[in-house]
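Heads up: the structure comes next, in structure tokens.
A short reminder: the numbers here are calculations on the coordinates, not readings from a lab. Since this is a predicted model, take the numbers as computed values, not measurements. So basically every Cβ, Gly included, is an ideal-geometry build from the backbone, and we count neighbours across all protein chains shown.
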Amino acid sequence: MRVIAGTLRGRQLQAPAGLDTRPILDRVKASLFDWLGARLALPGQLPAINVCDLFCGGGTHGIEAISRGAAHCTFVEQGKPAIDCLRKNLAALGIERQCTVVQRAVGAGHLRPPGGSGFGLVFFDPPYALSRQTDPDSMIMHTLDSLSEALPVTDDALLTWRSGSEAHLPDALPGNWARIDTRTWNRMTIALYGQPNA
């Protein structure tokens, strides 16, 4: 696992041990960031925005965002092995000052990016088993409902939700998110959500 592009291009990343996290394949990560960059700046690049990486594991999404131009990333993860791996990655890359690490359950409290502005990009990468449960009473929908008030975002923010391709991801999420695009790579689907009034 490595950083694909940007100032940290080619640097190796550690992945948490075990099966609780699913590091994204390099080719899928490259396609994802080309997709995001085309919407936010230029293909392959990001503007100097605040990023939030939820269920971050070893931090591959947020680290890639920093490498490609994001100003800051807030990483949120509950599992201690993943947090330990994340901290090692950030230290090895020397980017701790651009990062905030929050060890707790996603949706358990307010998140504030530095500088008072909102997050311009949110990565939402829950366990696939949770992504399959998108009925109104599911844990994942309760988490999203909590996030709608706890996660300040900019008017033109984007949110990505990665899941198994068999999951049915909703067209709208709490917090005024509307699905604007969906792409599938083999058994993985990533849905892109935006603020419809932006």
Inset, instruction - Within 10 Å of each residue's Cβ, count the other Cβ atoms and sort VAL122, VAL28 from fewest upward. - result: VAL28, VAL122
Legend entry - Normalised alpha carbon radius of gyration of the chain [divisor 2.2 N^0.38 Å]: 0.93
Legend entry - Difference of contour (0.36 nm per residue) and Cα-Cα distance, ARG104 to GLN78: 8.9 nm
Legend entry - Distance in nm between pseudo-label sites at GLU96 and ARG2 (7 Å out along the Cβ direction from Cα): 2.6 nm
Legend entry - Label point distance in nm, MET139-ASP181, each placed 7 Å from Cα along Cα→Cβ: 3.2 nm
Inset, instruction - Rounded, prolate or oblate: pick one for the range 78-131, where a ≥ b ≥ c are the square roots of the eigenvalues of its C-alpha gyration tensor, a/c under 1.5 means rounded, and failing that, prolate if a/b is larger than b/c, else oblate. - result: oblate
Inset, instruction - With both partners inside the chain, how many of the DSSP beta bridges are antiparallel, as a percent to the nearest 5? - result: 45 percent
